[in-house]
Amino acid sequence: MSANTGILQSEKLTEYILETSVFPREPKILKELRDATASHPWGFMGTAPDAGQLMALLLKLLNAKKTIEAGVFTGYSLLLTALSIPDDGKPSNEGTFDFAFVDADKRNYWNYHERLVKRVKIGGLIIYDNTLWGGTVSWSEEDVPAPKRGVRQSTLTFNKAIASDSRIEISVASVGDGFTICRRAH
Ligand code: CA
């Protein structure tokens with residue numbers, strides 16, 4: 001199974017979704033950035049365009065103005081955020097925020113969570129990327145290639161912890177490589 005089939009583990013279905021609903025609506029500037037980084041050996045680490053489409057919709061639903069990102073691999077998500085928030089909105093590292101996107105070092109997701117959950121406004125969102133780690137979260141460890149095992153283990157621990165965090169409401173969306181969407185409840 002290849003990393004670029006995403007979480008659906010089906011090349012045909014992934015292609016169908018991308019070609020029918022995502023690519024025709026993707027802003028030209030995002031497409032250019034994606035094309036420019038497609039040949040990068042770690043290109044699969046970037047934000048998947050179907051996940052990006054969901055993120056853009058959520059930013060607009062939330063009318064997010066203050067956003068923060070941890071881990072900017074190709075800048076796709078940062079550019080997408082800039083295109084999706086109002087003109088008076090801005091990415092910021094100060095104070096509280098409406099929306100956070102975390103695509104940083106997977107082993108540190110829980111540390112990010114502890115810090116971010118205190119700074120996101122009540123009703124605001126934190127999204128964690130790659131939380132299904134190529135689908136390997138459901139595999140037996142011996143079937144997982146050795147270089148992926150460490151992060152898989154961190155992901156399993158993180159997913160369990162976040163599922164029992166009463167400060168937030170969650171939904172694991174099976175787009176891209178798995179998007180855990182958290183809303184601060186109180
Ligand atoms: Ca990612």
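Read-outs: derived from the displayed coordinates by stated rules, not from any lab. Only a predicted model underlies this, so the values are computations on that prediction, with no experimental measurement involved. All Cβ positions, even for glycine, are placed from backbone atoms using ideal geometry, and neighbour counts span all protein chains on display.
Placing +1 on each Lys and Arg Cβ and -1 on each Asp and Glu Cβ, with no other charges, gives the chain a dipole about its Cα centre of roughly 600 debye. Sorting the Cα pairs of the chain by distance into bins of 5 Å, from 0 upward, gives 1, 8, 17, 21, 21, 16, 11, 5, 1, 0, 0 percent per bin. Its DSSP H runs of at least 4 residues, each contributing -39,500 (n - 2.57), put the calculated 222 nm mean residue ellipticity of the chain at -11500 deg cm²/dmol, to the nearest 500. By other beta-carbon atoms within 10 Å, ranking Asp87, Asp143, Asp129, Asp105 with the fewest at the front produces Asp87, Asp143, Asp105, Asp129. For the stretch 77-186, the calculated P(r) over all alpha carbon pairs, in 5 Å bins from 0 to the bin holding the longest distance, is 2, 11, 21, 23, 18, 13, 7, 4, 1, 0, 0 percent. Could you tell me which residue out of Ala48, Ile122, Leu80 lies farthest along the dipole of the chain toward its positive end? Charges go on the beta carbon: Lys and Arg +1, Asp and Glu -1, centred on the Cα centre. Positive-end residue among those listed: Ile122. Taking θ as phi - 60° and the Karplus parameters 6.51, -1.76 and 1.60, the scalar couplings of the stretch 139-149 work out to 8, 6, 4, 5, 8, 8, x, 3, x, 9, 5 Hz in sequence order, x denoting glycine and proline. Among Ala38, Ala48, Ala64, the largest mean-square fluctuation in a Gaussian network model of the chain (Cα springs under 10 Å) belongs to Ala38.
Once both labels are positioned 7 Å from their Cα atoms along Cα-to-Cβ, the gap between Glu141 and Lys121 label points is 4.4 nm.
What order, most packed first, do the peptides 153-162, 94-103, 11-20 have when packing is the mean number of other Cβ atoms within 10 Å of each residue?
Numbers: 153-162: 16.8, 94-103: 19.4, 11-20: 13.2.
Ranking, from highest mean packing down: 94-103, 153-162, 11-20.
Distance check, please: which entries in Lys65/Lys121; Lys31/Lys60; Lys106/Lys148; Lys31/Lys65 exceed 22 angstrom between their Cα atoms?
On the way: Lys65/Lys121 12 Å; Lys31/Lys60 20 Å; Lys106/Lys148 11 Å; Lys31/Lys65 24 Å.
Table pairs above 22 Å Cα-Cα are Lys31/Lys65.
The aspartates and glutamates within cross-link reach of Lys12, meaning a Cα-to-Cα straight distance under 19 Å and a gap of 8 or more places when in the same chain, are Asp50, Asp177.
Using the count of nearby Cβ atoms within 10 Å as a rough guide to exposure, how do Trp139, Trp133 rank from fewest to most?
Details: Trp139 14, Trp133 23.
Exposure proxy ranking, most exposed first: Trp139, Trp133.
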